[in-house]
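Read through the structure below, which is laid out as structure tokens, and then see the notes.
The values are calculated or read from the model by the stated rules, or taken from the named source; none is laboratory data. Everything numeric in this text was worked out from a predicted model, so none of it was measured. Here Cβ is always computed from backbone atoms with ideal geometry, including for glycine, and neighbour counts include all displayed protein chains. What goes into the accessible areas is simple: the full protein's heavy atoms, side chains included, and nothing from ligands, DNA or RNA. Shrake-Rupley method; radii C 1.70, N 1.55, O 1.52, S 1.80 Å.
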Amino acid sequence: MKDRAAIDRAIDASGWPDLLADLVRTPSHPGVPRQEEAVVRVLAAWLAARGIGSEIREVAPGRPNLIARVAGRDAGKRLVLCGHTDTVPLNAGDPGVGFSADVRDGRMFGRGTCDMKGAVAAMAAALEAVSSTGVLARGEVVLAAVADEEMESLGAEALVRDGFTADGAIVGEPTENRLALGHKGLEWLEIRFEGRAAHGGTPEAGINAIVAAARFLALVEDRLKPALAARAHPLLGPPTINAGWIAGGDQPSTVAASCVLELEALLAEAARLVPGIKTAVARMQGGMQTLEHLPAVLDASHPLAVAVASVLDRRDAPTAFPAWTDASLLSSFAGIPCVVLGPGDLALAHSPRESVPLAEVREAAGIYARAAVAFCGA
């Protein structure tokens, strides 16, 4: 691409490593008052210093989305670079690298470096490069830095609700800069077992909810998981199920009258195994706001996928992202075709050792900018 050298020079001169460090040093996890407000101010100030204005709109008190736009000389397609500004908290009992933004051996360490402030910094650098070089002949590139992806996706839902539209979007979750054409859907369910309390010395007088939950989990492992494994999607693979949390009982000497699992369903048979047990299934609070967290899949022949693939230096086969992303809401409810691509290794996200290779962040910035030129100008 003839514009590549100009884009590369602009990215290298943009100061994106300092932006990434400032983003990481600005906590934006649940429990921080006005959670994403401060980190969005950091991003907006960096863009403003480079002549790029931002629209900041709260989706909840102290929880803003940021939208920044760079238009080409003529009308054309609109590409969204979408990243979330929230992170998960530090790991309980092991704060690890914290919010240090320390750089060692070519990697920046700290909460959010990988998931996904590295991608947000790369997207900002790409937007600045497109703006300062004037390489965008047609169309528009939009940076959408959204709130709350880690929990209910308030930010992405607000975009959908406000009628936000585009011809394509790159969601910057960590794929080590490999092109991912989709991911599975996500559902958080709570399953409640209600038995009858009794003294631990006379357990036969009670109905033990923990025993019922254990038998249910055994059924899930023995029957449901093999059945799911036989339903593999050609790109996304088979559905998966995970028992993420369990709680039950009052004290060691009392038969547990209740037990709660976050899981889905072989409840009827579990109830037959523990006569008298009552069960209930409900969607968990905090997993989503109003929109279903559906899967997202894009055909490899779609112009967005073709444009992104065309600017990659590596010719790896497209893959699927193993976790859920805001691409689900943008594609399913706003009609925006999406791919997932960003710097970092998902295995390090949410961990005490979270880090991102700076070379991958730099590479991602170039990919985003060149993809914008290729897609919007097509």
Name the residues in the range 319-337 that are of a type outside the set (A, V, I, L, M, F, W, C) and either buried (at least 18 other Cβ atoms within 10 Å of the Cβ) or assigned to a strand (DSSP E or B) (or both), would you? THR319, THR325, ASP326, SER328, SER331, SER332, PRO337
Residue list for the range 173-197, filter: under 30 Å from ARG315 (Cβ atoms) and either in contact with a Cys (Cβ under 7 Å, 6 or more places away or on another chain) or in a strand (DSSP E or B) (or both): PRO174, ALA180, LEU181, GLY182, HIS183
Could you tell me which numbered condition ALA166 fails, if it satisfies all but one of (1) open to solvent by less than 30 Å² (accessible area, probe 1.4 Å); (2) more than 21 Å from the chain's Cα centre (by Cα); (3) not basic (Lys, Arg)? (2)
If only one of GLY110, GLY72, GLY98 is open to solvent by less than 30 Å² (accessible area, probe 1.4 Å), over 18 Å from LEU341 (Cα atoms) and free of Cβ contacts under 8 Å to residues at least 60 places away in the same chain, which one is it? GLY98
Residue set ALA144, ALA129, ALA158; condition open to solvent by less than 10 Å² (accessible area, probe 1.4 Å) and touching a helix residue (DSSP H, G or I) at 6+ places or on another chain (Cβ under 6 Å); output residue ALA129
Picked from the range 169-197 (must be under 26 Å from VAL361 (Cα atoms) and among the β-branched types (Val, Ile, Thr)), the residue surrounded by the fewest Cβ atoms within 10 Å (Cβ to Cβ) is THR175
Reported set for the range 28-81 where residues are farther than 19 Å from ASP162 by Cα, charged (D, E, K, R) and in contact with a helix residue (DSSP H, G or I) (Cβ under 7 Å, 6 or more places away or on another chain) is ARG50, LYS77
Is it true that some residue in the range 257-268 is part of a helix (DSSP H, G or I) and at pLDDT below 75? yes
Examine the range 218-234 for a residue that is open to solvent by less than 40 Å² (accessible area, probe 1.4 Å) and touching a strand residue (DSSP E or B) at 6+ places or on another chain (Cβ under 7 Å), and state whether such a residue exists. no
Restricting the search to the range 173-210, which residues are closer than 15 Å to THR325 by Cβ and among the basic types (Lys, Arg)? ARG178, LYS184
Condition broken by VAL59, with the remaining ones in (1) touching a residue at least 40 places away in the same chain (Cβ under 8 Å); (2) over 22 Å from LEU127 (Cα atoms); (3) open to solvent by 50 Å² or more (accessible area, probe 1.4 Å) satisfied: (3)
Reported set for the range 101-130 where residues are of a type outside the set (A, V, I, L, M, F, W, C), assigned to a loop (DSSP other than H, G, I, E, B) and within 22 Å of the chain's Cα centre (by Cα) is GLY110, ARG111, GLY112
I'm trying to understand the selection: among the residues of the range 343-362, which are assigned to a loop (DSSP other than H, G, I, E, B) and of a type in the set (S, T, N, Q)? SER351
Given (1) β-branched (Val, Ile, Thr); (2) open to solvent by 10 Å² or more (accessible area, probe 1.4 Å); (3) modelled with pLDDT of 95 or more; (4) within 21 Å of the chain's Cα centre (by Cα), where does VAL306 come up short, assuming only one miss? (4)
Given the options VAL80, VAL42, name the one that is in contact (Cβ under 8 Å) with a residue 24 or more places away in the chain and not in a loop (DSSP other than H, G, I, E, B). VAL80
